[in-house]
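Below you'll find the structure, written out as structure tokens, and then a few comments.
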Amino acid sequence: MRYGRYGTSYFLLRLGLGLVFLWVGIDIFRHPDRWVGYVPASLPFGFTRVAGLQLTGLFDAVIGLLFITDNWPRITAWLAMVHLAGILITQGINPVIVRDVGLFAMALALLFWPHHGYRRQQWYLFWKRGNKSGDIS
């Protein structure tokens, strides 16, 4: 899908962010012992640290796949941004935080990327062409 003259930039930004999220999500399931230290000791809703880690891994992998496949780009960018903001707030300043700030900025850029209603316009033209009589059925 083309997004103006910056289509290649959009693709690379989305693909890069998607691969990082997918990689982290898969790595959380492959090596949970490396990640469990980043999970806060007390989680809401009575979740254990392991359950919280598994939910985070699943969430990261799904977000990564949504970025890679370019499904719901604004919603995916918003979810990624909120997730990264939560990480930044709960983890505080540490040596790894620079990576998360960069990922946050990438998600923010994708959130405000000018999509120009391309998908909505395509759906409208399909509907208009297939429904010439004005019937809803």
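Work out the length of the dipole vector of region 7-129 about its Cα centre, built from +1 on the beta-carbon of each Lys and Arg and -1 on the beta-carbon of each Asp and Glu, and round it to the nearest 20 debye.
On the way: 10 positive and 5 negative charges, 108 e Å.
It works out to roughly 520 debye.
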Mean shadow area (nm²) of the C-alpha convex hull around region 7-129 is 9.2
Highest first, please rank the peptides 40-46, 22-28, 68-74 by the mean number of other Cβ atoms sitting within 10 Å of their residues. 22-28, 68-74, 40-46
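Fewest to most neighbouring Cβ within 10 Å: what's the order for His83, His31?
Ascending Cβ contact count within 10 Å gives the list His31, His83.
Every number in this text was worked out from the coordinates using simple rules, so none of it is lab data. All values derive from a computational prediction rather than experimental measurement. Cβ atoms come from the backbone with ideal geometry, glycine included; neighbour counts cover every protein chain shown.
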